[in-house]
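Notes for the one structure printed next.
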Amino acid sequence: MTTTTLEAPDVQPGIGLLSIDERRKRDSDAPTAFDAGVKRKDLRQAIAACVLACPPKSSLPILLNLQLTTDFDNKSLDVLGTDLETFVQVRIPALSAINSTTNMPARYAKDLAKLLDAEDLQITNNWTSFDYNSDRYIDIKAGNGVYTMGIQPHQSLAPRDIDHTFFARLEMRKFLAALQIIKHAMSSDETRRVLTSVLFVAQENGLTLVATDTHRLVKLTVVDGVQTDIKTESGQYSGIVPSSTIELLCKVLTPYQKSLVGIHVLLDSQWCQFVINTGIGKRITITSQLIDGEFPVYNRVSPKSLEHPDNTTPGRVVTVNRLEMLGIIRRLQLCSKDYSHRLILCLHDKLKISTGLGDDKQPHNANGAIEQMDYAVKYCGGATESFGLYSNNGKPKPTTHYEIAINCVYLKDCLSSIDSPTVNFEFRESLNLIRVTMPGNPNWHEIVMPMQVV
């Protein structure tokens with residue numbers, strides 16, 4: 001049997017759509033019949049991943065569809081979903097007599113794949129007319145049922161190839177864990193798009209991820225089991241990956257977090273790509289545009305040590321139980337002001353945490369008069385909790401006094417993102433920052449900026 005391959009169109013750098021005349025010229029000698037046999041489980045997983053990249057609404061109807069491409073030689077089916085900025089392509093095993101391409105409505109395909117109970121599915125499209133204004137349909141045969149859906153005229157949506165400047169291979173579960181730890185620090189302010197992202201810094205000894213919204217900063221370096229290849233003289237390369245891609249990666253990779261598969265990370269000047277081989281003949285490829293901009297210089301607020309310059313001030317680093325601290329913060333948050341979420345951390349012989357407004361402390365204005373407390377604070381009355389501190393490797397407990405105001409939401413997000421039984425709080429004087437670290441792990445820290453000094 002003779003097979004004919006439909007070649008992807010030549011497009012401008014990036015992604016482009018062909019006009020009707022260009023498509024007719026390209027397809028003049030190519031068969032358009034589509035026939036592929038797949039397993040229901042494989043198709044359901046592929047559709048569930050690719051639908052995440054499709055926009056809910058679009059002025060281009062083709063973007064509301066998934067592109068299906070068969071490969072006779074590799075006995076595979078590629079499912080692709082995109083919004084033209086992010087592409088999710090999943091390859092699954094399939095049997096097909098020809099190489100061809102078609103599409104199907106993304107939302108209907110997702111719902112139908114969930115409800116079908118037959119193990120073997122046959123997807124066919126016998127449309128052979130070149131009249132692009134005629135109706136087109138695709139049939140899904142499952143057991144004794146045949147399900148027909150209307151489809152759009154074919155337009156190639158293949159992502160561009162990455163001529164990578166940086167390549168890294170690491171364990172997928174470690175990469176996913178790193179994304180889940182760091183993503184809470186991404187900003188949601190779309191007016192500063194460079195902050196709604198994660199900075200990937202590629203180095204010869206590992207991959208560093210940085211996220212900040214200017215109120216907090218998380219830095220995490222993945223070192224163990226990382227193989228890198230950097231095509232720059234400096235031996236370092238960086239790219240700003242948008243938050244939508246980070247959230248998409250977390251959703252797509254979560255079903256495979258217990259597997260031992262690896263992930264390939266590729267970066268060039270405009271694009272990033274993540275490739276995961278999930279099984280024999282199965283592969284997930286996520287391609288996304290990078291954000292063009294300058295990321296904040298994070299090293300300026302990320303010092304190696306917060307010790308006093310003269311090394312004469314003890315007790316700046318204290319160790320606390322993470323779950324105990326997290327429970328205290330959650331309880332005190334109920335009594336903090338709704339609009340500020342302020343907590344006061346006082347460090348002396350104990351670590352005392354309070355809302356700052358108790359029964360014996362009411363706010364005063366500039367003239368010294370007592371201000372009227374808002375309803376939430378007046379009703380709750382404030383709260384205070386304290387607990388003892390661990391000694392720091394035999395060092396004496398802190399004897400100096402520090403007091404700083406922190407947004408409890410930021411501190412709660414920080415402690416909830418990690419699983420270490422204990423954490424270190426590194427204090428500086430008022431009007432400075434607090435750094436949270438994990439004992440014995442120099443590859444992660446989070447910096448939380450203060451709200452005000454009390």
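Points to keep in mind about this one:
- Counting residues in region 97-107 that are outside the structural domain of LEU249 (by TED's automatic domain parsing), more than 30 Å from CYS272 (Cα to Cα) and either under 32 Å from the mean Cα position of the chain (by Cα) or at pLDDT below 85 (or both) gives one or more.
- Within the option set LYS219, LYS183, LYS141, being within 30 Å of CYS408 (Cβ to Cβ), assigned to a strand (DSSP E or B) and of a type in the set (D, E, K, R) holds for one residue only, LYS219.
- Filtered by the rule that a residue be under 18 Å from ILE181 (Cα atoms) and polar (S, T, N, Q), region 222-252 gives SER243, SER244, THR245.
- Condition check for SER234: more than 30 Å from ASN407 (Cβ to Cβ), in the same structural domain as ILE291 (by TED's automatic domain parsing) and among the polar types (S, T, N, Q): yes
- Number of residues in region 232-262 that are assigned to a loop (DSSP other than H, G, I, E, B) and under 15 Å from the mean Cα position of the chain (by Cα): the value is 1.
- Note on region 64-89: among residues that are in contact with a Pro (Cβ under 6 Å, 6 or more places away or on another chain) and crowded, with 22+ Cβ neighbours inside 10 Å, the one that is nearest to PRO242 (Cα to Cα) is PHE87.
- Taken as a whole, the condition of being touching a Leu at 6+ places or on another chain (Cβ under 7 Å), modelled with pLDDT of 55 or more, closer than 22 Å to ASN441 by Cα and surrounded by 15 or more Cβ atoms within 10 Å (Cβ to Cβ) does not apply to LEU332.
- Residue match in region 38-56 (condition: farther than 18 Å from THR254 by Cα and in a strand (DSSP E or B)): yes
- Set side by side, the residues ASP224, ASP229 differ, and just one is part of a loop (DSSP other than H, G, I, E, B) and surrounded by fewer than 20 Cβ atoms within 10 Å (Cβ to Cβ), which is ASP224.
- All told, THR165 meets the bar of being within 31 Å of the chain's Cα centre (by Cα), under 30 Å from THR232 (Cβ atoms), at pLDDT below 90 and not acidic (Asp, Glu).
- Inside region 189-214, residues that are assigned to a loop (DSSP other than H, G, I, E, B) and modelled with pLDDT of 90 or more make up a count of 2.
- Among the candidates ALA178, ALA158, the residue that is modelled with pLDDT of 80 or more and among the aliphatic types (A, V, I, L, M) is uniquely ALA178.
- Criterion (more than 28 Å from GLU247 (Cα to Cα) and in contact with a Gly (Cβ under 7 Å, 6 or more places away or on another chain)) met by exactly one of ALA53, ALA118: ALA118
- When region 232-253 is filtered for residues that are over 20 Å from SER288 (Cα atoms) and either modelled with pLDDT of 85 or more or charged (D, E, K, R) (or both), only GLU233 remains.
- Residue in region 262-279 that is aromatic (Phe, Trp, Tyr) and surrounded by fewer than 18 Cβ atoms within 10 Å (Cβ to Cβ) present: no
- Out of ASP139, ASP163, sole residue that is closer than 17 Å to THR69 by Cα and surrounded by fewer than 18 Cβ atoms within 10 Å (Cβ to Cβ): ASP139
The values are calculated or read from the model by the stated rules, or taken from the named source; none is laboratory data. Everything numeric here is computed off the predicted structure, so don't read it as measured data. Glycine also receives a Cβ, built like all others from the backbone with ideal geometry; neighbour counts cover every protein chain displayed.
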